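The values are calculated or read from the model by the stated rules, or taken from the named source; none is laboratory data. The structure presented is a predicted model; accordingly, all values stated were derived computationally and were not measured. With ideal geometry, Cβ positions are generated from the backbone for all residues, glycine too; neighbour counts draw on all protein chains shown. Side chains are part of the model used for accessible areas, which takes the heavy atoms of the whole protein and leaves out ligands, DNA and RNA. Shrake-Rupley method; radii C 1.70, N 1.55, O 1.52, S 1.80 Å.
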Amino acid sequence: MLITIDHVLSKEQVRAFRNELDAAQWNDGAATAGTLAKNVKRNEQIDDASELCVRLGQQILRSLAQSPQFISAALPRTIYPPKFNRYAGGGTYGAHVDSALMYLPGSHQQMRTDVSATLFLAEPDEYEGGELEVEGPFGVQAVKLEAGDMVLYPSTSLHRVTPVTRGARVASFFWIESLVADEGERALLFDLDRSVQQLTPSMQPDDPRLVQLTGVYHNLLRRWART
Ligand code: NI
């Protein structure tokens with residue numbers, strides 16, 4: 001399931017990010033790709049260890065911590081520190097699946113990637129191409145969001161970024177290890193939580209039906225979550 005989360009960053013925040021990112025030093029993205037991915041990856045990235053990357057990444061994490069929709073969709077256990085990439089001049093990333101396990105930067109701690117995230121930092125009219133195409137059970141879905149909006153997709157899925165033929169596509173990307181590793185279980189929990197949230201305003205808070213549904217959510221989460 002693809003889930004979009006609007007307004008992770010405000011337009012003002014995006015402008016501030018872009019002022020710094022557009023002036024930053026960008027390096028060849030293939031340097032950090034795995035052996036197979038190296039052949040299909042043509043983009044640029046900012047050094048993960050740079051002060052800029054760390055600082056902007058922390059701002060994104062602070063916004064996400066205040067997003068009930070993100071927390072409900074991803075049920076995050078560990079979030080990889082956000083990275084930044086740029087595609088221009090035909091830049092593209094061919095079909096691949098993200099690595100299953102990653103070391104957190106500067107540590108020996110590994111995390112499993114369950115959910116992949118792309119936060120768009122360029123408006124759709126700034127560039128041509130650059131769609132994120134994700135293969136799912138119902139075919140390929142193409143994603144191109146407004147600056148400040150984010151898409152979450154299962155890390156198990158094959159995905160690609162189509163060539164950028166005009167302008168530049170700037171984005172942040174990162175991964176989440178979820179408390180609920182299974183994509184199907186996570187999707188059910190998200191649907192149930194959304195339904196409860198939608199029902200809540202029209203019901204008394206002590207309505208036994210609402211209390212029971214909320215209980216079902218927590219009892220499924222208790223069953224499926226691995227902390
Ligand atoms: Ni990827």
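Where a ≥ b ≥ c are the square roots of the eigenvalues of the C-alpha gyration tensor, would you call the stretch 116-165 rounded, which needs a/c under 1.5, or, failing that, prolate if a/b is larger than b/c, or oblate?
Details: a/c = 2.40, a/b = 1.50, b/c = 1.60.
Oblate is the answer for the stretch 116-165, as a/c is 1.5 or above yet b/c matches or exceeds a/b.
Could you pull out every residue, at least 5 positions away or on a different chain, whose amide H is within less than 5 Å of the one on Val143? Hs are placed 1.01 Å off N in the peptide plane, and Pro or chain starts have none.
Distant-sequence amide H within range of Val143: Leu132, Glu133, Val134.
Å³ per residue of the Cα convex hull, for the stretch 1-108? Write out the running numbers ahead of the final one.
On the way: hull volume 15.3 nm³, N = 108.
Hull volume over Cα atoms, normalised by residue count, gives 142 Å³.
Against the longest alpha carbon principal axis of the chain, how many degrees, from 0 to 90 and to the nearest 10, is the axis of helix 11-22 turned?
30 degrees
Could you tell me whether the stretch 49-152 comes out rounded, prolate or oblate from its Cα gyration tensor? Rule is a ≥ b ≥ c as square roots of the eigenvalues, rounded for a/c under 1.5, then prolate if a/b exceeds b/c, otherwise oblate.
On the way: a/c = 1.40, a/b = 1.28, b/c = 1.09.
Rounded, since a/c falls under 1.5.
Defining a contact as two alpha carbons under 8 Å apart and six or more residues distant in sequence, what relative contact order in percent does the chain show?
Reported as a whole number, the value is 24 percent.
Please give the Cα centre distance for the stretch 103-123 versus the stretch 49-71, rounded to the nearest Å.
11 Å
How much accessible area per residue does the chain have, counting only protein heavy atoms and a probe of 1.4 Å, in square angstrom? Intermediate values should be presented prior to the final figure.
Values: 11820 Å² over 227 residues.
Spelled out: the 1.4 Å probe surface of the chain, per residue, equals 52 Å².
How many percent of the accessible area of the chain is carbon or sulfur, using a 1.4 Å probe? The partial results should precede the final answer.
Numbers: 6350 of 11820 Å².
Here it works out to 54 percent.
Taking amide H atoms as placed 1.01 Å from N in the peptide plane, list the residues 5 or more away in sequence, or in a different chain, whose amide H sits under 5 Å from that of Leu158.
Those lying under 5 Å, H to H, from Leu158 are Glu135.
Could you give the C-alpha radius of gyration of the chain expressed as a fraction of 2.2 N^0.38 Å, taking N as the number of residues it contains?
Here the answer is 1.06, to two decimals.
Let me check I have the definition right: for the stretch 2-55, take the eigenvalues of the Cα gyration tensor, multiply each by 5, take square roots. What are those semi-axes in whole Å, largest first?
Numbers: eigenvalues 122, 59, 18 Å².
In descending order the semi-axes read 25, 17, 10 Å.
What ranking do 167-175, 198-206, 126-134, 139-147 get when scored by the average of other Cβ atoms within 10 Å per residue, highest first? Could you put the intermediate results ahead of the total?
Details: 167-175: 22.2, 198-206: 9.8, 126-134: 18.8, 139-147: 15.1.
Per-residue Cβ counts within 10 Å, averaged per peptide and sorted highest first, yield 167-175, 126-134, 139-147, 198-206.
Compute the angle between helix 208-224 and the longest alpha-carbon principal axis of the chain, please, reported from 0 to 90 degrees and rounded to the nearest 10.
Between the helix axis and the principal axis of the chain, the angle is about 50 degrees.
Using alpha carbons only, how many degrees (0 to 90, rounded to 10) separate the axis of helix 183-199 from the longest principal axis of the chain?
Computed tilt is about 60 degrees.
Give the shape of the stretch 64-107 as rounded, prolate or oblate, defined through the alpha-carbon gyration tensor: a ≥ b ≥ c are the square roots of its eigenvalues, a/c under 1.5 means rounded, and otherwise the shape is prolate if a/b is larger than b/c and oblate if not.
Working: a/c = 2.03, a/b = 1.54, b/c = 1.31.
It is prolate, given that a/c is not under 1.5 and a/b is the larger ratio.
P(r) tail for the stretch 82-212, what percent of Cα pairs lie past 23 Å? Working shown, then result.
Numbers: 3917 of 8515 pairs.
Tail of P(r) above 23 Å: 46 percent of Cα pairs.
Short version: ³J(HN,Hα) in whole Hz for each residue of the stretch 92-97, in order, from phi by Karplus 6.51 cos²θ - 1.76 cosθ + 1.60 (θ = phi - 60°), x for Gly and Pro, what are they?
For the stretch 92-97, the Karplus-derived couplings read 7, 9, x, 4, 7, 10 Hz, x marking Gly and Pro.
Evaluate the relative contact order of the stretch 55-156 (contact order divided by residue number), counting alpha-carbon pairs under 8 angstrom at least 6 apart; express in whole percent. Mind dumping the intermediate values first?
Details: 102 pairs, mean separation 24.2, N = 102.
It rounds to 24 percent for the stretch 55-156.
Based on the mean of other Cβ atoms within 10 Å per residue, sort peptides 95-108, 46-59, 179-192 so the most packed one is first.
On the way: 95-108: 12.6, 46-59: 15.7, 179-192: 17.3.
The peptides rank, most packed first, as 179-192, 46-59, 95-108.
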